[in-house]
Amino acid sequence: MTRRFFGNVLLLHCPKAFMSIPLSAQIVLACLLGGVLSIGAAALIMFGLPRRWITLTVSFSTGLLLAMALLHLLPEALEGGLTPREVFSILLGGILGFFTLEKIALWRHAHHGTGAGDRHADEVQCEDHTHTHHHVHDTNEGALSILVGDGFHNFTDGLLIAAAFLADPILGWNTTLAIIAHEVPQEAGDFAILLDAGLKRTQALFWNIVSSLFAILGGLAGYYLLDNAQDWIPVILTLAASSFLYVAIADLMPRLKRESTSIGWHSALLIAGIVIVVLGSAHSH
């Protein structure tokens, strides 16, 4: 009974409350809420709450991302007209593409200095020992590179949210939830790096908010471009799945392996993320 109640409230009644709102406005609202909630949660963690909360968020996010990619986005892309060969070819290309973008710092998901066991953002491993240096992240140039990369990533998130909404509004809200969850650890990491670069707390918060607004630009661009090119929506959904899988497998799961928190908590929260997505599947379409 409890499961049915929360499933209906979170994934049925809430989206229905927005159904009378134009789709473009829903996309803007989702992008705005995504930025505000993820930055707000990250700011609370960085400025007061225990850092171990990030670890718990990472566990929950991993379950959400894996389930959204494999149970929602990829099936939706297949139902949208792509063949399995096309879907998995795009999926492979997307994973490789996001890896390349991350290497050139345009789409970063490294969470340095945000949890126990991580090397601090300014520590550098040399050939025979570890030094603490202050290189790029001590300069305005380093802070700017973080913000530019984060802005590009947020624009991509907005584009993916728009594609999900155009396929199915409930899928759009579920995708937004997954993005919010996995953005919290990244935003916390960005706060740590910006503060390490010399910015004050209010400055770091302000520029992270500015960067988050690029998600709205991505959402609007996706809405107006994809609304007239419906054949591209399954392609974008597959790319969204590739980004979720890349973040979960290449970044979040290795991080969880390094954490000392009880495996029981990790498993419970990971499963909770999957269950939320599964509950939502009954209300799609």
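Only the coordinates and a few stated rules stand behind these numbers; no lab work does. Just so it is clear, the model here is predicted, and its values are computed rather than measured. Note that we place each Cβ from the backbone using ideal geometry, even for glycine, and neighbour counts take in every protein chain shown.
Couple of notes before you dig in:
- By other beta-carbon atoms within 10 Å, ranking Ser61, Ser20 with the fewest at the front produces Ser20, Ser61.
- Spin-label pair Leu144/Ile21, simplified geometry with 7 Å Cα→Cβ offset, distance in nm: 3.6
- Remark: spin-label model distance Ala250-Val36 equals 3.2 nm, labels positioned 7 Å along the Cα→Cβ axis.
- Counted residue by residue at 0.36 nm each, then reduced by the alpha carbon distance between them, the extension gain from Leu29 to Thr202 reaches 59.9 nm.
- Ranked Ile271, Ile236, Ile39, Ile27, criterion: other C-beta atoms within 10 Å, fewest first: Ile271, Ile39, Ile236, Ile27
- When each of Phe214, Phe165 is scored by the number of other beta-carbon atoms lying within 10 Å, the sequence from fewest to most is Phe214, Phe165.
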